[in-house]
Amino acid sequence: MSADELTVLIADDHALVRDGMRGLVCDVLGEVRFIEAGDGDALMRAARAWPAAHLALVDLNMPGMERGFRLAELAHHHPRLPLVVISALTSPDVVRRTLELPSVHAFVPKSAPSDQICAAIEAALRGDKLPFAHRAPEAKRPEVVLTPRMEEVRQLLRQGMSNKLIARTLGISEGTVKNHMSEIFKALQVSNRTQAAQLDADSL
């Protein structure tokens with residue numbers, strides 16, 4: 001099966017997180033068709049509209065998911081759709097109940113590094129099931145200090161702009177934007193746009 005035949009559902013109520021997930025999926029699979037949903041109802045509609053989708057990346061903590069009970073409904077009605085849950089809800093009971101669903105192939109914390117998310121995507125498409133990777137409690141995050149230019153770039157990132165559009169908006173090169181992004185990720189102690197977007201939405 002060629003990559004351009006793949007259809008991937010991405011369900012998260014943060015547009016920036018969905019944007020980051022698209023980037024990770026493209027890193028693993030190349031060009032694919034993306035179907036996006038911002039809540040549980042939209043996810044169910046998308047699954048009905050695309051019954052032959054090859055993969056779904058789903059956040060439990062979004063409107064309409066009922067703390068994961070909607071995921072069980074999705075798994076029941078679409079048992080052949082491989083699911084990867086990427087969520088900040090990582091209590092032992094939530095993780096256990098989620099991984100008990102036969103079509104859930106991995107449960108990945110949103111704080112996980114990008115390579116762990118990519119590994120979950122690959123495993124789901126192979127039909128493998130990954131155990132939950134417990135993470136040690138993180139140390140308290142130091143105060144974030146950004147230069148004025150880095151703050152400008154960060155604000156545009158939070159608006160969902162691509163590097164190319166940020167460069168055009170600020171009148172700088174795309175390479176300079178990438179350098180600023182690297183420094184922002186280092187300052188925020190994250191490794192990709194998805195984590196930076198989630199941190200912006202929930203922590204800053």
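Of all residues in the range 40-75, those satisfying the criterion of being of a type outside the set (G, A, S), part of a helix (DSSP H, G or I) and farther than 16 Å from L99 by Cβ are D41, L43, M44, R45, R48, E66, R70, E73. For the range 9-31, the condition of being in contact (Cβ under 8 Å) with a residue 40 or more places away in the chain, surrounded by fewer than 20 Cβ atoms within 10 Å (Cβ to Cβ) and farther than 20 Å from S162 by Cβ holds for at least one residue. In this structure, R80 does not satisfy being exposed (fewer than 15 other Cβ atoms within 10 Å of the Cβ), modelled with pLDDT under 95, in a helix (DSSP H, G or I) and more than 12 Å from the chain's Cα centre (by Cα).
Conditions tested, residue by residue: (1) modelled with pLDDT under 80; (2) of a type outside the set (G, A, S); (3) assigned by TED's automatic domain parsing to the domain that holds S87.
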site: Q116; (1), (2), (3): no, yes, yes
site: R135; (1), (2), (3): yes, yes, no
site: E152; (1), (2), (3): no, yes, no
site: L156; (1), (2), (3): no, yes, no
site: K164; (1), (2), (3): no, yes, no
site: T176; (1), (2), (3): no, yes, no
site: S182; (1), (2), (3): no, no, no
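Evaluate the following for V95: is it out of contact with any Asp or Glu (no Cβ under 9 Å at 6 or more places or on another chain), in a strand (DSSP E or B), assigned by TED's automatic domain parsing to the domain that holds M62 and not polar (S, T, N, Q)? Answer is no for this residue.
The values are calculated or read from the model by the stated rules, or taken from the named source; none is laboratory data. Predicted model only: the values in this text are computed from it and were never measured. Backbone-built Cβ (ideal geometry, glycine too); neighbour counts: all protein chains shown.
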